[in-house]
Every structure is written in structure tokens, then in C-alpha cells.
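Peer 1: I'd like to ask some things about the structure below.
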Amino acid sequence: MNLNEPAPDFSLPDGNGQQWRLPDHRGKVVVLLFYPGDETPVCTRQLCSVRDRWEDYMATGAEVVGISSDSVESHQKFSDHHNLPLRLLSDADRSVAALYGARSLIPGRVARSVFVIDANGILRYSDVRSIGLTRPKDDAIISVIKEYADA
């Protein structure tokens, strides 16, 4: 997956079992937040931080989704437990993570990663952390979103 090339299209179920399709969101910036797993310490801090900054994310006009290999049911419980406003998508077979190169060094998990796709479906930003012990900072992500939302 290379920057400045079309982002691979995909469709995944969310925590409510509804399909979320990337092509349905053309015309707006899309942010894919891949994370290793529901209810793990770093992932919980990361997604609760996104929740706490949700107004700032929404002010950019971007569509922000979380993606892990956990099940639809796990996502629903995780989202309800932490009152998460973003949709969590289940990439159970890690095929979408593989498309984007979000590979973790931990077997069976996806890498903590951020991908920003512009309104025309072009991948503009990628931050893949194959170890995943540190999380991306919200200010940095929001800054990148704004850069491509204003383009």
C-alpha cells in the first residue's frame, strides 16, 4: 500500500452487524484506526482518547472508524462499556489489515495503525506501529485530517 495511490476498497461489519463500505464515503476524508484488540490496556486508552476528543475529530468532517480482528459481538461490548462514539469494524480474518499493510509482530493481531484517505479515495497518510506499545497522538491525527480536509 503506497501513499498517493488509491486506497483499497473494502466492506466490513460494525459492532451492530451493519456493513460499512469504504466506497460509500467518497467525498469526505476517511480515517482508519487499526488497533490490536478490544479491552486491552493500550487500545482502551487509545479509543477512549479518541472518544474524549470526538468533537475535535467531528469538526474536521472526517469519517473515523476503528478496525480490529475482534468479533462484531466483542466490538459491541467494548463500545458499550466505554461509550465509544466511533464505529468499530470487525476484520476477523485480518484481510483488510493485510491490504493496508497493518501487520503486527504479534501473531493473530493487527498493527496499531492510522491511515488517512482523502475525499477522492487516495491514501495520503500512513502510520504503522508493528509493535503497538505506543499509540498515535490525537493532535497529530487531527492535524493530518485537517490538512487533507482543506485540500
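The values are calculated or read from the model by the stated rules, or taken from the named source; none is laboratory data. As the structure is a prediction and not an experimental result, all values here were calculated from the model. Cβ sites come from the backbone with ideal geometry, for glycine too, and all protein chains shown count toward neighbours.
Peer 1: Just checking, which of SER126, SER113, SER71, SER104 is within 18 Å of LEU47 (Cβ to Cβ), within 14 Å of the chain's Cα centre (by Cα), small (Gly, Ala, Ser) and surrounded by 14 or more Cβ atoms within 10 Å (Cβ to Cβ)?
Peer 2: The unique qualifying residue is SER113.
Peer 1: Continuing with this model, one more query. May I ask you to list the residues in region 81-97 that are of a type in the set (S, T, N, Q) and either surrounded by fewer than 14 Cβ atoms within 10 Å (Cβ to Cβ) or at pLDDT below 95 (or both)?
Peer 2: Across region 81-97, the qualifying residues are ASN83, SER95.
Peer 1: Quick one: which residue in TYR148, TYR57 is at pLDDT 95 or above and out of contact with any Leu (no Cβ under 7 Å at 6 or more places or on another chain)?
Peer 2: TYR57
Peer 1: Keeping to region 72-117, report how many residues are over 30 Å from ASP150 (Cβ atoms), basic (Lys, Arg) and in contact with a Pro (Cβ under 7 Å, 6 or more places away or on another chain).
Peer 2: Looking only at that region, the number is 1.
Peer 1: Can you confirm whether ASP56 is among the acidic types (Asp, Glu), surrounded by fewer than 18 Cβ atoms within 10 Å (Cβ to Cβ) and touching a helix residue (DSSP H, G or I) at 6+ places or on another chain (Cβ under 8 Å)?
Peer 2: Taking the combined requirement at face value, the residue satisfies it.
Peer 1: Step by step: first the residues of region 28-42, then only those that are β-branched (Val, Ile, Thr) and closer than 22 Å to ASP139 by Cβ, then the one that is surrounded by the fewest Cβ atoms within 10 Å (Cβ to Cβ). Which residue is that?
Peer 2: Among them, the one singled out is VAL42.
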